[in-house]
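Single-structure report; data block below.
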Amino acid sequence: MKNKCQSNRFKSLFFALVSIASIVTWQIPTPAGTLKEIQQRRKLIVAVKDNLPLLGSRDRSGNLQGLEIDIARKLATEIFGNPESIQLVPVANQDRLKVAIDGKVDLTIARVTITPTRSRVVDFSRSYYSDGTAIITNRANIVKNSDLAGKKVAVLNNSTTIGSLQFVIPEAKLVGVNNYRQAQSLLATGKVVAIAADRSLLLGWSKTEPKYRLLPDKLSTEALGIVIPKGMQYDPLRELVDRSIDRWRADGWL
């Protein structure tokens, strides 16, 4: 009887451990695909932006368009010979690195600046675009950055743009905003004379709003790269991406 009880307790403990192991395994995120796994899957999964005109945004029909969308589709063509062998996943700024780290996407192409800090947790491709901080205004008498000395300029709270402004135009009076809609409202009502933000974003505004004028000189220059998960197993994918970018530059497409 004693041996039977011990056997039953052992079985209960065994099944409990199996259940715990199943739960732990289920919680571990599926790793992002290596190049071989992507080829076997027959689909490239890419995180993109859907609210940045010119880089990644939606047209009137809701379709994604922009430079980064084109790059994603060209990479699908490089791998599969078909630009439609792709799944585009719109992400918020705060999730751009996380989705790659967690293995939810194969790549992130979503206006991610290459920085030493980010390079500790993800890998980057070669730069495919040089962006930076710039200024937009609706005032005819403001034609260069130095004209903003002593003037109010809207800037996102806690953004790196603040440091660029303080370095290049220390005399400007910065007005913090929580979003770009608030910044545009302040500019329209004359409470600020300009908005400082990413040049790619402001360039998109200037294309759709004739009242906006982009000042010619950038306050900073930032290299954008494609985010690739860290690990030697992803080296073939990174090498394919780098070769593609080099070729696109050489043939004039990029």
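If only residues of the stretch 222-240 that are more than 23 Å from Lys74 (Cβ to Cβ) and not in a helix (DSSP H, G or I) are counted, the one that is nearest to the chain's Cα centre (by Cα) is Lys230. Residues that are on the phi > 0 side of the Ramachandran plot and surrounded by 14 or more Cβ atoms within 10 Å (Cβ to Cβ) within the stretch 135-160 are absent altogether.
Consider the stretch 16-40 and keep the residues that are farther than 19 Å from Val227 by Cβ and at pLDDT 90 or above. The one that is farthest from the chain's Cα centre (by Cα) is Gln40. So which residues in the stretch 113-133 are more than 14 Å from the chain's Cα centre (by Cα) and charged (D, E, K, R), if there are any at all? Of everything in the stretch 113-133, those that are more than 14 Å from the chain's Cα centre (by Cα) and charged (D, E, K, R) turn out to be Arg120, Arg126.
Which residues, taken from the stretch 109-134, are open to solvent by 30 Å² or more (accessible area, probe 1.4 Å), part of a loop (DSSP other than H, G, I, E, B) and in contact (Cβ under 8 Å) with a residue 24 or more places away in the chain? Within the stretch 109-134, Ile114, Val121 qualify. Look at (1) open to solvent by less than 10 Å² (accessible area, probe 1.4 Å); (2) out of contact with any Leu (no Cβ under 6 Å at 6 or more places or on another chain) and you find that Asn178 fails only one, number (1).
Criterion first (buried (at least 21 other Cβ atoms within 10 Å of the Cβ), in contact (Cβ under 8 Å) with a residue 12 or more places away in the chain, over 18 Å from Thr221 (Cβ atoms) and acidic (Asp, Glu)) does Asp106 satisfy it? For Asp106, the condition - buried (at least 21 other Cβ atoms within 10 Å of the Cβ), in contact (Cβ under 8 Å) with a residue 12 or more places away in the chain, over 18 Å from Thr221 (Cβ atoms) and acidic (Asp, Glu) - is met.
In the stretch 222-234, the qualifying residues are those that are hydrophobic (A, V, I, L, M, F, W, C) and surrounded by fewer than 21 Cβ atoms within 10 Å (Cβ to Cβ), and the one that is nearest to Arg139 (Cα to Cα) is Ala223. The number of residues in the stretch 190-221 being open to solvent by less than 20 Å² (accessible area, probe 1.4 Å) and in a strand (DSSP E or B) comes to 4. Here is the figure for the stretch 122-150: residues that are within 20 Å of Asn179 (Cα to Cα) and not hydroxyl-bearing (Ser, Thr, Tyr) total 6. If you go through the stretch 58-76 and keep only what is open to solvent by less than 60 Å² (accessible area, probe 1.4 Å) and within 19 Å of Val105 (Cβ to Cβ), you end up with Leu64, Gly66, Leu67, Glu68, Ile69, Ile71, Ala72, Leu75, Ala76. State whether one or more residues within the stretch 72-87 are touching a Ser or Thr at 6+ places or on another chain (Cβ under 7 Å) and over 30 Å from Trp205 (Cβ atoms). The answer is yes; a qualifying residue exists.
Residues in the stretch 165-180 that are touching a strand residue (DSSP E or B) at 6+ places or on another chain (Cβ under 6 Å) and either closer than 18 Å to Lys218 by Cβ or in a loop (DSSP other than H, G, I, E, B) (or both): how many?
First, pick out the residues of the stretch 165-180 that are touching a strand residue (DSSP E or B) at 6+ places or on another chain (Cβ under 6 Å): 165, 172-175, 177.
Still in the running and either closer than 18 Å to Lys218 by Cβ or in a loop (DSSP other than H, G, I, E, B) (or both): 165, 172, 174.
Residues meeting the conditions: 3.
Among residues of the stretch 77-91 that are outside the structural domain of Gln40 (by the TED database) and closer than 9 Å to Leu44 by Cβ, none has a beta-carbon under 8 Å from a residue that is open to solvent by 50 Å² or more (accessible area, probe 1.4 Å) and of a type in the set (Val, Ile, Thr) at least six positions away or on a different chain.
Per this entry, Leu237 is not counted among residues that are hydrophobic (A, V, I, L, M, F, W, C), in contact (Cβ under 8 Å) with a residue 24 or more places away in the chain and either on the phi > 0 side of the Ramachandran plot or open to solvent by 20 Å² or more (accessible area, probe 1.4 Å) (or both).
The values are calculated or read from the model by the stated rules, or taken from the named source; none is laboratory data. Remember, it's a predicted structure, so these values are computed and weren't measured experimentally. Heads up, the Cβs are rebuilt from the backbone with ideal geometry, glycines too, and the neighbour counts pull from every protein chain shown. Quick note on the areas: whole protein, heavy atoms, side chains included, nothing else; ligands and nucleic acids left out. Shrake-Rupley method; radii C 1.70, N 1.55, O 1.52, S 1.80 Å.
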